[in-house]
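What follows is a single structure, written as structure tokens, with notes after it.
The values are calculated or read from the model by the stated rules, or taken from the named source; none is laboratory data. Nothing here was measured: the structure is a model prediction, and the numbers come from that model. Positions of Cβ are backbone-derived with ideal geometry, glycine not excepted, and every protein chain shown enters the neighbour counts. Keep in mind that these areas ignore ligands, DNA and RNA; they rest on the heavy atoms of the full protein, side chains included. Shrake-Rupley method; radii C 1.70, N 1.55, O 1.52, S 1.80 Å.
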Amino acid sequence: MKKRLESLLIETLSKLVAEAKLPSDIPMKGLIERCRDPQHGDFATNLAMTLAKPTGMNPKVIAELIIENLPKDPLVRDVHLAGPGFINFFIDPKAQFSVIPDILKAGDRFGHSQRGQGQRIQVEFVSANPTGPLHVGHGRGAAYGAVVANLLAAIGFEVEREYYVNDAGRQMDILAASVWLRYLETFGEPVVFPSNGYRGGYVKGIAEALRKAVGDTLRHSAEAISKDLPPDEPQGGDKELHVDALVLMAKSCLGEDHYRTLFDAGLNSILEDIREDLSAFGVHYDAWFSERSLMETGAVQRSLDRLQAAGFLYQEGGATWFASTRLGDEKDRVVVRENGQMTYFASDIAYHLLKLEKGFDQIIDVWGADHHGYIPRVRAAIEALGSDQKKLEVLLVQFAVLYRGEEKVQMSTRSGEFVTLRELREEVGKDAARFFYVMRKSDQHMDFDLELATSKTNENPVYYVQYAHARVCSVFRQLDEKGLTFDGQQGLNELSLLTEPHESALLVTLSRFQELIEQSALQHAPHHLVHYLKDLASELHAYYNAHQFLVPDDALRNARMTLISAARQVIANGLRLLDVSAPETM
RNA sequence: GCGCUUGUAGCUCAGCUGGAUAGAGCAUCGGCCUUCUAAGCCGAGGGUCGCAGGUUCGAGUCCUGCCAAGCGCGCCA
């Protein structure tokens, strides 16, 4: 309907321009908006006011000119000039009913569209280092990324979901060293654990599994290992130097093959855990991309060659630098260190080069908000590689702060005392976790109240929406008991009986769903969908309390049940996009 | 110090990218279950949209300056 009005307006404007009653350079999009207040009709345009300035005409005069020239449309009941120059449209009620057969016909696919026209988008999200289990901070990125991907797919984009596995680099080496020490402990070796190592209990589990798999082939004397290491922080040394030396010691003691065995034991175990965890959280990927493969296939070297050829690399202080300041970054960045090692950023340049080469129309990276300073250098890299940096969209997700009622839940990664995503899921359930994570604007700090998420009371928005769905299902189950029947065809024929304000409100809300999905998807803003579902549920609950559905009058009963059946479908569709269940009973 | 983000009801947050009288939930107070699930509904109170300017027919929304909070500013990842 919105589009229909828009085309009416465009037709009118074109005519007026052709007749030289209006200048030709006037905007022709985003003309129509929904009215908040029903007194103002169903739709409105502020066109006359926006034209007042460029034309130098009185907005009311322009509005009248437009109204006079507006073509007749059987679905437009009335057009008013109001306020300082708004043009209000009153839609024929018949037009509002048409959404019901649309919903029932499209079923699970209602709300989907072809807006994306099959354009390819890659959404990369979570991508947490496989050095430990996912924690609640990752959970928000997981829920957000998954829903954004669902939304984009629903409006006709071809979406690929990818996890970037940081299976190379210093942190992974530290994990390997940590596993090694725990492994040695199982033989009773007197190990002194580094203060910068991974202390989580899961490391011991990996070590025990490793011992079962390889026996004592990786065993060395703990005393011999620690003998020549620089002192750790508690001993007045530098914890970074200490742990780096430990990693080197592990590599030299074990040799390349054995070190790889150790390294992969940690990597594979944790990655497997992450996969399972995400899967249980309803998050599924099309691809798991290995950072290590970037080195092995020479992609990193190739991307550096590209930058070199484009004249963006230079040597200084023994390191190789990328001149990102020339493309808007704050300072130039090292890509190859003095010791010859590639930086993480070098891998990331290669990673983005490959993304671009895969031909995506758009690349979306979902990052923790603490990485925002990283955006300019990645954009600079894309630009330097000769691509359009507008193809990259970085979506930032703020961490959630956990509360248990009034009390903040303390978290510390170092000591391993963080709340894992798995624990959260076990405590509040997948549905509540998913719903709560995307309820707030993603780049906004949020408080996640565990007590609220678990409470089975009216305070809990998840249950509120699910309950609306279950209620409709329950009404349908009541038919038999009451000796009544439901005739869907008659319902569709008798929709004009739905004249109560509660019914009109529901119809308007249902007709908004399609554009709401588009808006949520294009703005990468799932919270709009959550708020919509709360609104829809609220209207359904209010309707339920105000009117009886299972009335003796066949025509009215069938019409009302057709309406609530459509509402149920829309709630179910919305919840499925969030990957929250739509229970039939509660 | 510089950069990014945020500041809306007692609390948690929306506010459809500049529109008409700023909304919701919770909390507080008052009502509704012999009738389709009370995990629900109806009503009341509650606001200098951080502060001060500016842009225009119109600003919570845009621009500037302050104030406050968070994050970032490695040859870490």
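Taking A:LEU307 as the residue in question, decide whether it is open to solvent by 30 Å² or more (accessible area, probe 1.4 Å) and either closer than 30 Å to A:VAL159 by Cβ or over 33 Å from the mean Cα position of the chain (by Cα) (or both).
For A:LEU307, the condition - open to solvent by 30 Å² or more (accessible area, probe 1.4 Å) and either closer than 30 Å to A:VAL159 by Cβ or over 33 Å from the mean Cα position of the chain (by Cα) (or both) - is not met.
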**Asked** When you go through A:LEU294, A:LEU304, A:LEU327 one by one, which is the residue that is touching a strand residue (DSSP E or B) at 6+ places or on another chain (Cβ under 8 Å), more than 9 Å from RNA strand B (Cβ to nearest atom) and aliphatic (A, V, I, L, M)?
**Response** A:LEU304
**Item:** Where a residue in region A:431-454 is touching a residue at least 12 places away in the same chain (Cβ under 8 Å) and its partner, wherever it lies, is basic (Lys, Arg), with Cβ under 8 Å and at least six apart
**Value:** A:ALA433/A:ARG425; A:TYR437/A:ARG140; A:SER442/A:ARG140; A:MET446/A:ARG140; A:MET446/A:ARG440; A:ASP449/A:ARG404; A:LEU450/A:ARG404; A:GLU451/A:ARG404
**Asked** When you look at A:PRO231, is it free of Cβ contacts under 8 Å to residues at least 60 places away in the same chain, farther than 20 Å from A:ASN166 by Cβ, open to solvent by less than 60 Å² (accessible area, probe 1.4 Å) and in a loop (DSSP other than H, G, I, E, B), yes or no?
**Response** no
**Asked** Scanning for something assigned by TED's automatic domain parsing to the domain that holds A:LEU267, within 19 Å of A:GLY169 (Cβ to Cβ) and in a loop (DSSP other than H, G, I, E, B), does region A:215-222 turn up at least one residue?
**Response** no
**Request:** Kindly state which helices (runs of 4 or more DSSP H) lie completely within region A:449-542 and contain at least 2 residues that are more than 11 Å from RNA strand B (Cβ to nearest atom) and over 22 Å from A:PRO93 (Cβ atoms).
**Result:** A:450-454, A:501-522
**Item:** Complete set of residues in region A:49-70 that are away from RNA strand B (no atom under 12 Å from the Cβ) and either open to solvent by less than 40 Å² (accessible area, probe 1.4 Å) or modelled with pLDDT under 85 (or both)
**Value:** A:VAL61, A:LEU65, A:ILE66, A:ASN69, A:LEU70
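Residues are listed down the side, and each one gets a yes or a no for (1) open to solvent by 30 Å² or more (accessible area, probe 1.4 Å); (2) away from RNA strand B (no atom under 16 Å from the Cβ):
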| position | (1), (2) |
| --- | --- |
| A:ALA177 | no, no |
| A:TRP180 | no, yes |
| A:THR186 | yes, yes |
| A:ARG211 | yes, yes |
| A:LEU218 | no, yes |
| A:GLY237 | no, no |
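Going residue by residue through region A:245-259, is there one that turns out to be closer than 30 Å to A:ARG576 by Cβ and part of a helix (DSSP H, G or I)?
No, region A:245-259 contains no residue that is closer than 30 Å to A:ARG576 by Cβ and part of a helix (DSSP H, G or I).
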**Request:** Kindly establish whether A:LEU13 is touching a residue at least 60 places away in the same chain (Cβ under 8 Å) and outside the structural domain of A:PRO501 (by TED's automatic domain parsing).
**Result:** no
**Number of the exception - A:HIS547 against (1) more than 11 Å from RNA strand B (Cβ to nearest atom); (2) on the phi < 0 side of the Ramachandran plot** = (1)
**Matching option when the condition is within 11 Å of RNA strand B (Cβ to nearest atom) and not assigned by TED's automatic domain parsing to the domain that holds A:ARG560, among A:ARG36, A:ARG77** = A:ARG36
